Every structure is written in C-alpha cells, then in structure tokens.
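Quick notes on the structure that follows.
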Amino acid sequence: MRFRQVHLDFHTSEAIAGIGESFSKRQFQAMLKLGHVDSITVFSKCHHGWAYHPSDANEQHPHLSFDLLGAMIEAAHEIGVKTPVYLSAGLDEKLARRHPQWLRRDQEDRAGLGFMSPGYHDFCLNTPYLEVLLAQIREAAARYDADGIFLDIVGVRKCYCQFCVAQLLQEGKDPRDEQAVLEQAERTYMTYAARVREAIDSVKPGLSVYHNGGHQWRGRRDLAAVNTHLELESLPTYKWGYDHFPLSARYAQTLGMDYLGMTGKFHYAWGEFGGYKHPDALRYETSLSLALGAGCSIGDQLHPGGEMDEATYALIGAAYAEVEEKEPWCRGTFSVADIGLLSAEAAREQRPGPRRQGERDNLPDAGASRMLTEGNYLFDVIDVSADFAAYKVLVLPDELVLWPELAGRLQDYLRQGGKVLASGRSGLMESQDEFALDLGAVWEGSNPYCPDYFHPSFVPGPLRPAPFVMYAAGQRISRQDGAISWGERENPYFNRDLFTFCSHRHTPSSRQTGGPGMVEGSGGIYIAWEVFRDYAEQGHLILKEMVLHALRRLLPQPAVTTDLPAQGTVVYRHQPGENRHVLHLLCATPVRKGRVEVIEDVLPLHNIWVSVKLSCPVERIYLAPQGKELPFATEGDRVKFTVPYLHIHQMVVLEGPK
C-alpha cells in the first residue's frame, strides 16, 4: 500500500471549453514530485458522466481533444507513481437526463432535487444502468495500466423506482413494506459488487477495487469484504468533523485489511476551487492517519484546463515530506490496546433479526471515543465478532442492549477476568427487565425525570462533589448486595411543563436521593445515564470525570500513562518485523469558525512525561524520524522517559534486541 496518495477529482461540466488544454506532462510530474506523491487516483469518468479518454462504452467529454487519462497514467508511471482509476458509479448526470427511469426514487417518486436545481441525481443499480457501468469499468481496466479501480457514490440505498417495485411484486412482496425494500437494497448492492468483481477479473484478475459510500459501517464486515482495501473518506472540515476518522480507523484496524485515511486539501468540502487549509492541519491529519495504522490520501480537484495547482502541491508536500520520513516506523504495525470500545453502531448492525437502517445516530460511539482519547487511553473500536479476550476492559456505550448470544460471550469474558464499563441501556437484555452482567446494579425502570442530577461520592477531577445536571435519559437502579456506590441520583422537584416550570432551563434538584447513579460490581461498573451521547452533544466535564473514575478503578495499570493534555492523542503500535514498539504522541486543537472546524497555530508542548508497561525487553528508546536517543529508567515492569518537544506529532521508538 502506498502511503502518500492524492485523490484527484475532475467533475467538469460540458458547458466549459478547453478541457485539458493546459495539461503538461512535465508540469504534472513536477507537481507530483513537489507534493511527495507516490500514488494518484486519476479519472476515467466524472459525476457529469463524461469520459476523459476515447471510449466505446461512454462518450468522451465534448471539449476534450486527447486521451487525458492515458497521458496522466504514462506521466505518473514514468516517475514511479501509481495510478488507480476513478469512475463515478452512482452519479452520471448526462445519462440521468437521457434515462430518468434509471434513477433511484423515494416513496413519493422523487429523484433527488429534481431537474430544475443544479446538482446530481443518484442511479439505482437495479436498473439497466448497471450494464452500462460494468462496460465502462471493463473498458478502463482493459485499455489502461490502472493500479486499481475506485468506484464512487455507492452503498445500500432503499429505492422505489419501477424496476425495484416490479421486482418486489414479482417476488410476492409488498413495496409498502419498508423491511422488504431494505432487504432488496442489500441484495442490489451485493449483486452490484459481485458483478463489478467479475467484470474486473474478466480483464485484469485481482486488480484492487474500492467502493466508496462515504462511511464504513461498523459491524458490516460483509460490506467491507467486497473491497480489496478501505479508503476512509473523512473530511474533518465538512460534515464529518475531527471525531469521525479516529472512530473509523480504530475499527478498520481490527479487520485485517489495508486502509487509507482520506482527507482533503480543501478549506471546506469536496469540489472547492481556491480553498486551502492551513499546512498544520494537513500535517496533523496525515500524522493521525499514520498513528492509527493507515496510509494517507489527500483530495484535490483539477482545474478544467488540466494544469495542476502549484499552491496545492506545495501544501500537500509540506505534509507528505514528513510522511515519507516517517514511513519506516509505520509499515507492518499493529495496535496495542487495553480497552475495546464495543461500537453501538456495530451492535445495531449485527443484532439478530431484520436490519434497521437509520435507527439511531452514532453519538454514543463518538462520545466514548472522544472521552477515551482525552483520557490518554489505548483502545480499539470493535464489533460483536471481535476477540473480547484481547482487552482488559470493554466499554458498552449507552444503547447496547444485549441478545442471548452476545450476553453469553460477555459473561464468559467476565468469568475469564475481564471488566465491563456500561452506561444507559447497555447491559440490559432485550426484554428490558434485567441486567445480564454483574455490574452491581438491579434495573428498576426508566427514570421519568429528565434532566436529573448525579451527586458523586468521589472527587471528580478538578471539580468538587455536588449535584451535577444530567441532560441525557437515565435509568432507575438499586444496588446489589456487596456492590459499591460511587454516587447518588437526585431527581428534580418536577419535570418542566406548562404549569410546573422553574427558571430558564430546568428544575433544580430536590436534594432527595433517587437511588444510586453509578455502581461497581464484581464484573465492572454501570453508569445510569447515556453519558457518552450526552458528552458528544454537551461536552459536560462531569460526564468525562465519571468515566475516567470508572476506568481508573477497572484499569489501574494501563499500558501507557502520560501527562499529555486532553487535546492530545496517544497511540501505541507494535512493529514485530523490526522488534520494536512505536509510541505516537499528537496534539492539536480544532477551533470552530462558523460551521468549519479549523486547525491552525498549533502550540508546541515541552517535557511530556511517559510511562510504558513493558511487554518485551527494551535496549534503546529514540525519537523518530530524528534518531535522537532518549534517556530512560526501568522500574519493575515499566519504563519511564520524557519527550522533550512535541509539535503536532512525535514518534518514540522502544526497540528491543535485534
């Protein structure tokens, strides 16, 4: 897998003349060298539907006079740069106007925005359009020395077009049955993916392929498996934010596949011309990809004239020059983690019975990931199929209601000495009448008061014990015999209503105990509120302090401890081929400007203290790629050292005997 990729868009209207007329082989190569690029995804077909090469399966852009795809592949290969080839699979605006009956439709027979608004229209892959697309894929793979195929804008999507409705009726199913429509969407996508694999293998067996849908669903290993690798699209400045990619990557690293982190050079979003993010932002994003075991991919868009933008490749080069230096310590590495975050999204997808598309958002996963990161914990994001025994603690965030098989596996895990931290409805059986795990709590029902209050019996970090407001939904519990209570619930005088309200927002605490709010049993700790969802939405400090207190109880000796601040990220990876471990320390603070999260003016940190639990002998510790040796002290089974300086990203190598 190449570590320094560029994903080059070229979605170019037929209303623009002179397509590619400024393309220069020499200039194209010069920009790739300036950007330290080792792979660039170039385009056979764009969202507008045009081919950028002579084509029998499609139509060449009307204002393009030469084989632009072929010229780019030749130029890149000449300097050792790979060239996966891009085809827009789900969008083809040229054909959308010629064959609107092939478009995906909702229950009201609407196809997207309609044709009176600028934008694209999504095709249904259960129509004759699929045969058109397959011919285009075969042609690109057969005629060009592609290093892979990238197919965009695809996924499991419900459709009510006449082809889908007719198929359901033919199968004796009711198109008004949403579950039948969803099952058909699943079959349509898997059929499409299988047909694509057959088409590629018919001309170039084994060529890599990736189907991009914008988000890799946790728990859907079957959807991941239709790809040869994963490209985790996640533009933090756009709708994804800076919490999305770490979640995706921490899950991807458990699947045994190569994967890339795909960000963009854009200030805001895909397709932006003249938008550039701060160089430090791109340096941080690519460093985070490396730390989380991913290669790097940076999105760009070519000007219609075909000339590569020098400002863009200078920006990319500032990040990729560092990536190039760091690569030797990033290849063939594996995550070292104390904690398995059992994804609520994954459990929802893997729960037996019918799938429920769009049932809930993924805020519990995001809040849990953010808390664990800010607490400097080592963790993977896992699904129900993972090996639970690989982790000392499992976190079940907020809404992970158990079914018999999962409950049995978790009970086995506890019997083997593992610990569980659960919150909200997590740990309850599907019947919702009892907890399946011995976490010290007995379920008494959902609490009718919301918001209510938690009064901890421990000191919550920099705060003093007091009644803290809990905005998220809570459960009423009692404490099992022998369990420890870490704080009490206090209910408000009443819920806010027309005739019973107090002050501006919510009613104060009645100061009367409503039972325990956080308890510890033999198997772990239970928190009675959806603290992870609440933290993702509100960021209230008490929520994190509750979780960190629980983890200090359940994991008294984490593999790595450090005084890196909450804005930092700690990742620890094993590189067995080199007999070494690599500690990644990162720190940057995104700032919201309007609707965009921006990283700029990253402040350096000095003298960061680190303690690592040894799993094998260490002969030397040094900074990479600088090579500077660090003094260290061994105390029992731990080694301690100080990292003198951190600006954005620093790797520390703990190397054993060769």
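The values are calculated or read from the model by the stated rules, or taken from the named source; none is laboratory data. None of the values given here were measured: they were computed from a predicted structure. Heads up, the Cβs are rebuilt from the backbone with ideal geometry, glycines too, and the neighbour counts pull from every protein chain shown. Note: areas computed on protein heavy atoms with side chains; ligands, DNA, RNA excluded. Shrake-Rupley method; radii C 1.70, N 1.55, O 1.52, S 1.80 Å.
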Inset, instruction - Using a/c under 1.5 as the rounded threshold, could you call the chain rounded, prolate or oblate? The axes a ≥ b ≥ c are square roots of the C-alpha gyration tensor eigenvalues, and prolate needs a/b larger than b/c, oblate otherwise. - result: oblate
Inset, instruction - Could you order peptides 277-289, 135-147, 454-466 by the average number of other Cβ atoms within 10 Å of their residues, highest first? - result: 277-289, 135-147, 454-466
Inset, instruction - Give the shape of the range 505-612 as rounded, prolate or oblate, defined through the alpha-carbon gyration tensor: a ≥ b ≥ c are the square roots of its eigenvalues, a/c under 1.5 means rounded, and otherwise the shape is prolate if a/b is larger than b/c and oblate if not. - result: oblate
Legend entry - Solvent exposure of the chain as accessible area per residue, Å², 1.4 Å probe: 39
Legend entry - DSSP beta bridges in the range 343-501 [antiparallel fraction, %, rounded to 5]: 70
Legend entry - Neighbour net charge for A199 - beta-carbon separation under 13 angstrom, K R +1, D E -1: 0
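Could you work out the local net charge near Q60, counting Lys and Arg as +1, Asp and Glu as -1, over the other residues with Cβ closer than 15 Å to its Cβ?
Here the charged neighbours net out to -4.
By per-residue mean of other Cβ atoms within 10 Å, what is the highest-first order of 61-73, 605-617, 177-189?
Taking the mean over residues of other Cβ atoms within 10 Å, the ranking is 61-73, 177-189, 605-617.
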Inset, instruction - Compute the distance in nm between two label points, each set 7 Å from the Cα along the Cα-to-Cβ direction, one at R620 and one at R595. - result: 5.2
Legend entry - Heavy-atom accessible area order for C296, C502, largest first, 1.4 Å probe: C502, C296
Legend entry - Percentage relative contact order, the chain, counting C-alpha pairs under 8 Å, at least six apart: 11
Inset, instruction - Net charge near S522: determine it from the other residues with C-beta under 14 Å of the C-beta of S522, scoring Lys and Arg +1 and Asp and Glu -1. - result: +1
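Expressed as a whole percentage, what fraction of the accessible surface of the chain belongs to carbon and sulfur atoms when a 1.4 Å probe is rolled over the protein heavy atoms?
The computed percentage sits at 51.
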Legend entry - the range 427-585: relative contact order as a whole-number percent, Cα under 8 Å and 6+ apart: 20
Inset, instruction - Using 0.36 nm per residue of separation minus the Cα-Cα distance, give me the extension gain between Q411 and N579 in nm, one decimal. - result: 57.0 nm
Legend entry - Cβ crowding within 10 Å averaged over residues, with 482-492, 410-420 ranked highest first: 482-492, 410-420
Legend entry - DSSP bridge pairs, the chain: antiparallel proportion in percent, nearest 5: 60
Legend entry - Computed [θ] at 222 nm, deg cm²/dmol, the chain (DSSP H ≥ 4; -39,500 (n - 2.57); rounded to nearest 500): -8000 deg cm²/dmol
Inset, instruction - Give the shape of the range 366-516 as rounded, prolate or oblate, defined through the alpha-carbon gyration tensor: a ≥ b ≥ c are the square roots of its eigenvalues, a/c under 1.5 means rounded, and otherwise the shape is prolate if a/b is larger than b/c and oblate if not. - result: prolate
Legend entry - Computed over the range 503-652: relative contact order in percent, which uses C-alpha pairs under 8 Å that are six or more apart: 19
Legend entry - R348 accessible area, 1.4 Å probe, all protein chains in place, Å² to nearest 10: 20
